[in-house]
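Every number here is computed from the coordinates shown, using simple stated rules; none is lab data. Here the structure is a predicted model, which is why all the values come from computation and not from measurement. Methodologically, a virtual Cβ is constructed for each residue, glycine included, from the backbone with ideal geometry; neighbour enumeration extends over all protein chains shown.
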Amino acid sequence: MVERDCPPALSGALPSAGATRRRLISVAATLLVLPVLPRLAQAATILAVRTWPADEYTRVTLELDSELKAEQFTLENPHRLVVDIEGLTISAALNDLVSKVRPDDPYIQSLRVAQNRPNVVRLVFDLKQPVAPQVFTLKPVADYQYRLVLDLYPKIAQDPLIAILNKQSGPDVDDPLARILEDIQRNPVTRADPPEPPRVKGQQPAAPLPSTPKPPPATASRGKQRMLTIALDPGHGGEDPGAIGSSGLREKDVVLRIARRLKALIDSQPYMRAYLTRDDDYFVPLHVRVQKARRVRADLFISIHADAWIKPSANGSSVFALSQRGATSTQARWMADKENAADLIGGVNLGSHDRQVAKVLLDLSTTAQINDSLKVGSAFLDEIKKINRLHKNSVEQAGFAVLKAPDIPSVLVETAFISNPQEEALLRSSSHQDKLAQAMMTGIQRYFTANPPLARLGDVS
Ligand SMILES: [Zn+2]
């Protein structure tokens, strides 16, 4: 630490005449603002506490009536995370947080809460594994007041490729991903690598690490059928419930159920496997969903939603693709704005480098990707119209952030309006969830039959 950067109280210097003068000025200033002081001194009130445990990371949220500062540090032997929150006193709500730690939480063993100093509450998390914490605050948005968010990420980041290991391709199936996975297993150090950076046509991918043997080119061999990977993206999750129907059905829950059903159908195909961008009730930022799909080299990205409209009479299914030049309708633009707000509601740490990654993705959308996405979308509409009314007969386009993978055909399916009581009832029924999954499965097969995957952009060696 540089001495001149230290405030006088920390530098150890004796009070000078200047310091005394400053103190007098400061006392005068205090007297001037005195009427406000009692309010400032009052501790913030905790409005709610929530925990969102998941394999990827565990989030702890404290919702408050004002913005508070927090500092954190980690300790070893045993592993602990300590968070000091300024402006808080012990309350029943804080004690409630202790009981919200679930026994199956992958990161938190237990939690202790104590008044560390008169105005500072200390949370001590006893950990099951070392974490890389992110602590940040969010301003009021939607139904939420100020949120203090503690995200506990694993110290060694999990690679989405590992999650896809459950379905191995057979000996006569060409699967470049399987070779990459074998390579990762041989060289575990590469597991902690960040997702590969966005790559556009004509641009060479970054060279592999010197210690990593170069994987064979990712093209399909002649005579072999290529293994196809479909990324399924259940919208919302965790802090972001998505739209909520009048009987209480939450979009985040129903889209996860539909996605899991579709995953089972895809995994039962000999040359296909599905990957879920989230398989639990936690929030995944929009650009992370895109990054995950690119990391598993998805051939197709399907974001699944069930949204709301101002009027409860609105009904029917819609399919959206990305647009580079404005939205195709007012409603499409409204939908895109609403879906893109998920990051604000779900809560993203904008102080991290992720913001830059999100911006890069934003600038890389391609015409080829959009053309392929429109074909996928048409195939979907043809199938979905057999089981539900269509809100519009053609694929609509708008600037959905989650559809911006430059090299993966990407569609967003609004399965129905959860704000319409009849459609909410349909969405709730498992038989209709099955029908939706089956319709999308047939749509996927139709698309790949008409557009063989070997011609996929970005798969050329
Ligand atoms: Zn949605």
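Values for this structure:
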item: Separation of alpha-carbon centers, the stretch 133-151 and the stretch 377-446, rounded to whole Å; result: 32 Å
item: Relative contact order computed over the stretch 46-154 (Cα-Cα under 8 Å; 6+ residues apart), in percent; result: 32 percent
item: Likely footprinting exposure, 317, 373, fewest C-beta neighbours within 10 Å first; result: 317, 373
item: Computed FRET value (nearest 0.05) for residue 91 with residue 331, which takes r as the C-beta separation and R₀ as 45 Å; result: 0.50
item: For 257, 59, order by how many other beta-carbon atoms lie within 10 Å, fewest first; result: 257, 59
item: Dipole magnitude (debye, nearest 20) for the stretch 46-154, charges at Cβ of Lys, Arg, Asp, Glu; result: 180 debye
item: Three principal axis lengths of the stretch 46-154 [C-alpha, angstrom, descending]; result: 34, 32, 22
item: Cα-based shape type of the stretch 84-124, given that a ≥ b ≥ c are square roots of the gyration tensor eigenvalues and the cut on a/c is 1.5; result: prolate
item: Phi to ³J(HN,Hα) by Karplus 6.51 cos²θ - 1.76 cosθ + 1.60 over the stretch 302-313, Hz, x for Gly, Pro; result: 10, 8, 10, 9, 8, 9, 10, 10, 4, 8, x, 6
item: Around residue 381: net Lys/Arg minus Asp/Glu count, Cβ-Cβ under 13 Å; result: +2
item: Inter-label distance for residue 72 and residue 122, nm, one decimal - labels placed 7 Å from Cα along Cα-to-Cβ; result: 1.7 nm
item: Point-charge dipole on Cβ atoms (K/R +1, D/E -1) for the stretch 227-303, about Cα centre, debye to 20; result: 300 debye
item: Estimated FRET transfer efficiency when R0 is 41 angstrom, pair residue 182-residue 314 (beta carbons, to 0.05); result: 0.25
item: Distance violations [Cα-Cα > 26 Å] among 155/252; 139/338; 100/252; result: 155/252
item: Distance between modelled label sites at residue 136 and residue 338, nm, 7 Å Cα→Cβ extension; result: 2.6 nm
